[in-house]
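What follows is a set of notes on a single structure, which appears directly below.
The values are calculated or read from the model by the stated rules, or taken from the named source; none is laboratory data. Predicted model, so just to flag it, every value in this text is computed and none were measured. For neighbour counting, all protein chains shown are included, and Cβ atoms are generated from backbone atoms with ideal geometry for every residue, glycine included. What goes into the accessible areas is simple: the full protein's heavy atoms, side chains included, and nothing from ligands, DNA or RNA. Shrake-Rupley method; radii C 1.70, N 1.55, O 1.52, S 1.80 Å.
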Amino acid sequence: MRIGIDVGGTNTDAALLGEDDRVVAGTKSPTTADVTSGVAAAVAALLAAPGVDGRPTDPAAVHAVMIGTTHFLNALIEGERLAPVAAVRLGLPATAALPPMVDWPERLRGVVGGGTYLCHGGREYDGRMISPLDPDELRRVAADIAAKGLRSIAIGSVFSPAAADDELRAAEILTAELGDVHVSLSHEIGRVGLLARENATIVNASLRDLAEHIVDAFGAALAGAGIRAPFFISQNDGTLMDIAHARRYPVATFASGPTNSMRGAAFLSGLTDCAVVDVGGTTADVGILVGGFPREAAGESEAAGVRTNFRIPDVLSLGIGGGSLVAPDGEVGPRSVGYRLTERALVFGGDTLTATDLAVAAGAAEIGDRAAVAGVDRAFAERALGRIAERLAETVDRMRTSAAPLPVVAVGGGSVLLPGGLPGFPDVRRPAHFDVANAVGAAIAQVGGEVDRVFKVAEGKRDDVLAGARAEAVRRAEEFGARPGTVRVVDVEEVPLAYLPGGATRVRIKAVGDLDLARLGAAHPVRDTNNATPAKNGIPTHA
């Protein structure tokens, strides 16, 4: 059996799945200010619920726990709990016109910007040197970093996804000089595109201390519930990483919430190609599933005003949820009572009119005390709910890429706000366990590996290049914990780069497979990962 947990802005959801992937139990618990105690409460409630045999579940029967969390994205948005970072860029004499963090919001730059350093090094897209790496220059940089007391370093190099040697060598030199520091390498985090990749690496470095604290806290919460099974953190693309990987790459969790919801919607509905409307307590997220996985955003994305280019689903969010405030004219959102819904909403004895109150007043949901909304005009409530449906339908329409019929799966506890479906989309489904679809999505998550690199494709060699890239993506998935024989390639993208010579083509291939608990599940103690051994291509191994 395994448990999936998703920590949202309003609720922490948990789901228990049996060996046959059947959802045995699900529960929702308010997200707490410290978040971790909310996780502990959700797990305790889940284990106490009737299990496979109708009795509470023995914690020893749980073999794995998968967690999706908003901790790290919230920290960046709030600008709190972030460590100052030394940003080291390898690229001189090129790239000097735009220094690291040049396009960051001033507030965040003041918090995270510990120091920026432009150094020699870097490569062209085909691996040729821009300039030789200068060890003495890097040692001088290390001395300045030490003088400033910085403990987190982000290293970025021009075209490092194609040739990572300079970043790896720079990391060796800096750690030899500085000792026990956190080092984030851009070729392990972002894609081709220096500034956005460098930004993502700096963000990751700023979160490394927090990541260690959060992983320890999750482990303590699960241990407190009697669970000794390994736990994993879900990533932006719907795959899993073990706790050692999570401590190194917290930035990979930023979009795990919407991704988990969409993966859970696919699993519960049986659809692999559809639109998903996930209505939570604070926001409604709309995305598209293709082949059972969220369609990824093209190019760059943005987090708290910082441009990045790591994997992230293509999602549009609206400020509409079960906790959204209702204006006198019937407009709903974007302000929300958030995790205080069970204190503030009328149906829970509060004094604030929320979208949940509208659903109860209109007879669309049985939540809390119906008598508490007896004074809310039913026609007013129905008009407001109709406007919510119209806005969500408009968003789904913006996300579609053709006029072909598109089924819609509505999930999340707030989807009770859509009693009559969506205008223009007759096929709207709300599957069983819709309210904990995000937790189900975390529980069924697989392990992935990806290749995203510029290849020099000689005439007649395209098939060989693609075959090699496919094999590398499969190998990476297996290194990260996928069970051999279950890995399949789910996405292949080729983009010829006409502005570069020699048949240059950017190839991105993604492979996924089932988690190999027999190999990874023996023990997953929370441990330091700074000494993890880098394997080929800079992929860290945590055997």
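Helical runs assigned H by DSSP (4 residues or longer) give the chain a calculated mean residue ellipticity at 222 nm of -9500 deg cm²/dmol, each run adding -39500 (n - 2.57) before division by the residue total. Electrostatic bookkeeping for I145 treats Lys and Arg as +1 and Asp and Glu as -1; over the other residues with beta carbon under 11 Å from its beta carbon, the sum is +2. All distinct Cα pairs of region 32-114 go into the 1/r average, and the inverse of that average, the Kirkwood radius, is 17.2 Å. Relative contact order for region 1-133: 19 percent, from Cα pairs under 8 Å spaced at least 6 residues apart, divided by residue count. The candidates E394, E124, arranged from most to least accessible area with a 1.4 Å probe in the full protein assembly, appear as E394, E124. For region 162-237, the calculated P(r), taken from all Cα-Cα distances in 10 Å bins from zero up to the bin holding the longest distance, is 15, 36, 30, 16, 3 percent.
Calculate log10 I(q)/I(0) of region 231-388 for q = 0.16, 0.21 Å⁻¹, where I(q) comes from the Debye formula with a single equal point scatterer on each Cα and nothing for solvent. Taking Cα atoms of region 231-388 as identical point scatterers yields -0.94, -1.18.
Using C-alpha pairs below 8 Å separated by at least 6 residues, the relative contact order for the chain is 15 percent. Note on semi-axes √(5λ) of the Cα gyration tensor in Å: of the candidates (i) 41, 25, 24; (ii) 42, 30, 20; (iii) 37, 26, 21, the value calculated from this structure sits at (i).
Binning all Cα-Cα separations of region 328-480 at 5 Å, short to long from zero, yields these whole-percent fractions: 1, 8, 13, 13, 14, 11, 9, 7, 7, 6, 5, 4, 2, 1, 0. For S157, neighbours were defined as the other residues whose beta-carbon sits under 15 Å from its Cβ, and their charges (Lys and Arg +1, Asp and Glu -1) total -3.
Between region 97-144 and region 198-243, the C-alpha centres lie 28 angstrom from each other. Computed from Cα positions, the angle between helix 256-269 and the longest principal axis of the chain comes to roughly 60 degrees. Its residues counted as N, region 109-238 yields a C-alpha radius of gyration over 2.2 N^0.38 Å of 1.22.
Applied to region 466-477, the Karplus parametrisation 6.51 cos²θ - 1.76 cosθ + 1.60 on θ = phi - 60° returns per-residue 3J(HN,Hα) values of 5, 5, x, 5, 4, 4, 5, 4, 5, 4, 5, 4 Hz, with x for Gly and Pro.
Taking every alpha-carbon pair in region 50-165 and binning the separations at 10 Å intervals from zero gives 12, 29, 25, 15, 9, 8, 3 percent. Bridges between two residues of the chain, per DSSP, are antiparallel at a rate of about 65%.
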